[in-house]
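The values are calculated or read from the model by the stated rules, or taken from the named source; none is laboratory data. Just so it is clear, the model here is predicted, and its values are computed rather than measured. Every residue, glycine as well, gets a Cβ built from its backbone with ideal geometry; the counts of neighbours run over all protein chains shown. The accessibility values were calculated without ligands, DNA or RNA, using every heavy atom of the protein model including side chains. Shrake-Rupley method; radii C 1.70, N 1.55, O 1.52, S 1.80 Å.
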Amino acid sequence: METKVREGSGNRSQDSDIRQTFASDFLVIGFFTPNYEPAARAFAQNLAEHRISHHLYARPIVEGDWYSQTRQKPTVLAHARRDYPEENLVFMDVDCRVRGDISDILKTRGDVVMRTKGTAKGTQRALKPTTRVMLLRPTSGSDAFIAGWESTCRNARPGQSAEFMLIHAMSDSSGIYSIGTLPIRLAGIELHDALPDAVIVHDSIRDPTRPGWALRRGLQRNFRVVRNAAYRLATGKTYDDLYDKRRGGQKIR
């Protein structure tokens, strides 16, 4: 599926980008569509408070659903690599928040560094890449990673997110690059689940283009609270404690 600009959305020029420069060893990048501009401006203010250089790219709303918008991510990364070929780039979703010094992200290894999230279905376990926070070093390996991801996103079907297509890009890659894993405190864990020492957190926007999303998340939280309370009464421990669903007292999402 080729990504097309939705009629009436208009192309945003670079004059609509949000950027500010400080003395730092990395540059935070991200992107926003017009409906996310208030979030992007709040994020930029948050970065400025920590004196973190940033460039948030204004992008149009494209045809399709919410997942179609996420598939603009590798294209933004490719654009940023052309704009800043010598910089360490830290991509963040604009509904992330910084709560302290994030320079330790440069101590990680790999052309590309991201969180790999453990998932379970029955007795099966798997690792899934998550891309709300990523470090991209100025290397040919980083460029190969981006090119492969962008290519798979061009062939995506409706309902397939950027992260879903990334799994295909990584499994079928003909490029040469190394992938590192972000420490949890830098990975953008959901705000209500984040560890106390987390310096990058994520506060999901309730997107009206995803019907039922906010309701579903609320029900999941309430169910977890009730289940933990019931297990504590019966066993003295919460369900999360018994089944190792939390690390350091906080659930990892």
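Here the label points at Lys237 and Asp172, each 7 Å from Cα along the C-beta direction, are separated by 4.4 nm in the simple model. Ile102 sits among other residues whose Cβ lies under 13 Å from its own Cβ, and their net charge, with Lys and Arg +1 and Asp and Glu -1, is 0. Looking at region 84-169, the GluC sites (Glu not before Pro) that sit in a DSSP loop and have at most 14 other Cβ atoms within 10 Å of their own Cβ are Glu86.
Taking 7 Å steps out from each Cα toward its Cβ at Arg99 and Asp83 produces label points 2.8 nm apart.
Here the translational diffusion coefficient of region 75-176 follows from Stokes-Einstein with Rh set to the Kirkwood radius across Cα pairs; for 4 °C and 1.567 mPa s it amounts to 87 µm²/s. Does region 63-108 come out rounded, prolate or oblate by the C-alpha gyration tensor, with a ≥ b ≥ c the root eigenvalues, rounded set by a/c under 1.5 and, if not, prolate when a/b is larger than b/c and oblate if not? Oblate is the answer for region 63-108, as a/c is 1.5 or above yet b/c matches or exceeds a/b.
Here the accessible area is traced with a 1.4 Å probe on the protein chains. For region 47-102, carbon and sulfur cover 44 percent of it. Once you sort the root eigenvalues of the Cα gyration tensor of region 1-154 as a ≥ b ≥ c, which label holds: rounded (a/c under 1.5), prolate (a/b larger than b/c) or oblate (the other case)? Rounded. Applying 1/(1 + (r/R0)^6) with R0 = 35 Å to the Cβ-Cβ distance of Ile205 and Leu106 gives a FRET efficiency near 0.80.
For the peptides 26-35, 92-101, the ranking by packing is 26-35, 92-101, with the highest mean count of neighbouring Cβ atoms within 10 Å listed first.
On a per residue basis, region 125-197 carries 47 Å² of accessible surface, using protein heavy atoms and a 1.4 Å probe.
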